[in-house]
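Chemist: So that we are looking at the same thing, I have put the structure below in structure tokens.
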Amino acid sequence: MSEYYEKQTEVVKVRIDKYNKLCEEGRDPYKENKYDFDAYCKDINEKFEEYEEKTVKIAGRIMSKRGQGKVSFYDLLDSSDRIQLFIKKDKVGEEEYSLIKSYDIGDIVGVDGEVFKTQRGQISIRVESVKLLSKAIQVLPEKFHGLKDPDLRYRQRYVDLIMNPEVKEVFLTRSKIMKSLRNFMDNRGFIEVETPVLGTIAGGANARPFITHHNTLDIEMYMRIATELPLKRLIVGGFDKVYEIGRQFRNEGMDATHNPEFTTMESYESYANFEDVMKMIEEMYEHIAMEILGTTEITYGEDEVSLKAPFERKRMVDLVTEYTGVDFDNITDIEKAREEAGKLNVEIDESYGIGKIIEEVFSECCEDKLKGPIFVTHHPTEISPLSKKCVR
């Protein structure tokens, strides 16, 4: 502890000193492992009439402190919402009031008190007692600027959730989406499965894998880059409909839309073709949107997007022609294909065939121009080695 103490900022040292003093007084908060609360801030705020003048027990994190003299106002944040604490020296006692005043922003407390409205109409808790449940040693970002740096927000999600409560809604919505997705697939007769994350080959996609070593077998193994191969083996084994929601790992570049590990949902169905799959997917999006949002009309960035089926369908080569004017449907000479890509300032590797060139041109010149849900069909066989060839 002494080495850790020496390395900390003055503010953190003050908090450590406060914690040590609490321990000396027999008030070590970390010894508490349970607190029985009976209300959430959101319920109190939304159903005030039901809670007015009733005593409740809530628990959460102190987010702000203000006031002086005999009255203080704290803001407490639990997993649902914020609420104001009204703390009066005459109500809690002088010794307890002094102790509460010593608590820091970030500390987690349990509060016992009566629900009421202040003269300004602010829903509050008239505090009767406060119990320190966890002492915050680290300092939260300053309130005005908050946690803004995107890189820091992604690396310290727990701080992001504390300082930017709206982010929590993203997590909650994602949870609802996954539940709705599972229900949709299950109701269509699909079986959810789990397939191996480690394998002796890296297949199912064109990506660089993470490599690890199995000590007992003394062999190199790969973290999966896709779930395709094991799911297809289950179809071979006799299942008609299977799907998996699972993590993939790709040892490649990182940016705002590419993470080394990410979640996919992949499904396979016997006796169906890509037309059936497209129909299922558009129905899935419509179903989830209606179930969670109550509408199929959403805002994505600055665009208004409709998730109502059916979605637009276009061949990749047709989109390339639409946005570049180059008709790769009528180009069979590789040199001609490279020449056209060069005119569009698309870098082409010498190993690329015409199919791969088409994909690169599409990626560079078309993809970011697409608006709303659209199925891009008829990918070149060169980049789709495990797909059935379309003869139409």
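Chemist: Please tell me if Tyr285 is assigned by TED's automatic domain parsing to the domain that holds Ile358, aromatic (Phe, Trp, Tyr), within 27 Å of Glu359 (Cβ to Cβ) and touching a residue at least 12 places away in the same chain (Cβ under 8 Å).
Modeler: no
Chemist: Those residues that are of a type in the set (D, E, K, R) and in contact with a helix residue (DSSP H, G or I) (Cβ under 8 Å, 6 or more places away or on another chain), I need them from segment 181-223; list them, please.
Modeler: Result: Arg188, Glu192.
Chemist: From the residues in segment 30-60 that are modelled with pLDDT under 90 and of a type outside the set (Lys, Arg), which one is surrounded by the most Cβ atoms within 10 Å (Cβ to Cβ)?
Modeler: Glu32
Chemist: Report, ordered by the first and then the second residue, all pairs with beta carbons closer than 9 Å, sequence separation of six or more or different chains, a first member in segment 13-30 that is outside the structural domain of Ile108 (by TED's automatic domain parsing), and a second member that is assigned to a helix (DSSP H, G or I) and of a type in the set (Phe, Trp, Tyr).
Modeler: none
Chemist: Would it be correct to say that Thr332 is among the hydroxyl-bearing types (Ser, Thr, Tyr) and touching a residue at least 40 places away in the same chain (Cβ under 8 Å)?
Modeler: no
Chemist: Right, here's the next one. Looking at this structure, is Thr257 within 24 Å of Pro373 (Cα to Cα), of a type in the set (Ser, Thr, Tyr) and free of Cβ contacts under 8 Å to residues at least 12 places away in the same chain? Working first, answer last.
Modeler: On the way: within 24 Å of Pro373 (Cα to Cα): yes; of a type in the set (Ser, Thr, Tyr): yes; free of Cβ contacts under 8 Å to residues at least 12 places away in the same chain: yes.
Considered against the rule, which asks whether it is within 24 Å of Pro373 (Cα to Cα), of a type in the set (Ser, Thr, Tyr) and free of Cβ contacts under 8 Å to residues at least 12 places away in the same chain, Thr257 comes out as yes.
Chemist: While we're looking at this one, here's another question. Is there a residue in segment 40-49 that is under 24 Å from Asn164 (Cα atoms), part of a strand (DSSP E or B) and of a type in the set (Phe, Trp, Tyr)?
Modeler: Checking segment 40-49: not a single residue is under 24 Å from Asn164 (Cα atoms), part of a strand (DSSP E or B) and of a type in the set (Phe, Trp, Tyr).
Chemist: Suppose we filter segment 286-306 for residues that are surrounded by 12 or more Cβ atoms within 10 Å (Cβ to Cβ) and under 19 Å from the mean Cα position of the chain (by Cα); how many remain?
Modeler: Here the count works out to 5.
Chemist: Hey, another quick one. In segment 61-80, which residues are polar (S, T, N, Q) and either at pLDDT 90 or above or closer than 15 Å to Leu132 by Cβ (or both)?
Modeler: Result: Ser64, Ser72, Ser79, Ser80.
Chemist: Look through Glu360, Glu382, Glu339 and report the one residue that is free of Cβ contacts under 8 Å to residues at least 60 places away in the same chain, in contact with a Gly (Cβ under 6 Å, 6 or more places away or on another chain) and not assigned by TED's automatic domain parsing to the domain that holds Arg233.
Modeler: Answer to the check: Glu382.
Chemist: So which residues in segment 65-103 are buried (at least 18 other Cβ atoms within 10 Å of the Cβ) and assigned to a loop (DSSP other than H, G, I, E, B)?
Modeler: Residues satisfying the conditions are Asp78, Ser80, Tyr103.
Chemist: Test of understanding: among Asp78, Asp90, Asp43, which residue is touching a strand residue (DSSP E or B) at 6+ places or on another chain (Cβ under 8 Å) and not hydrophobic (A, V, I, L, M, F, W, C)?
Modeler: Selected residue: Asp78, the only one of Asp78, Asp90, Asp43 that is touching a strand residue (DSSP E or B) at 6+ places or on another chain (Cβ under 8 Å) and not hydrophobic (A, V, I, L, M, F, W, C).
Chemist: Another question about this same structure. Looking for whichever is part of a loop (DSSP other than H, G, I, E, B), more than 22 Å from the chain's Cα centre (by Cα) and in contact (Cβ under 8 Å) with a residue 24 or more places away in the chain here; the options are Tyr271, Tyr323. Which one fits?
Modeler: Of the residues listed, the single one that is part of a loop (DSSP other than H, G, I, E, B), more than 22 Å from the chain's Cα centre (by Cα) and in contact (Cβ under 8 Å) with a residue 24 or more places away in the chain is Tyr271.
Table: residues versus (1) in a strand (DSSP E or B); (2) farther than 17 Å from Arg27 by Cα; (3) at pLDDT 95 or above.
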{"residue": "Ile105", "(1), (2), (3)": "no, yes, no"}
{"residue": "Val109", "(1), (2), (3)": "yes, no, yes"}
{"residue": "Gly113", "(1), (2), (3)": "yes, yes, yes"}
{"residue": "Arg126", "(1), (2), (3)": "yes, yes, yes"}
{"residue": "Leu140", "(1), (2), (3)": "no, yes, no"}
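Chemist: Looking only at residues in segment 231-268 that are part of a strand (DSSP E or B) and exposed (fewer than 15 other Cβ atoms within 10 Å of the Cβ), which one is modelled with the lowest pLDDT?
Modeler: Asp255
The values are calculated or read from the model by the stated rules, or taken from the named source; none is laboratory data. This one's a predicted model, so the numbers in the text were calculated from it and none came from an experiment. A quick note on method: Cβ atoms are made from the backbone with ideal geometry, for glycine too, and the neighbour counts reach across all protein chains shown.
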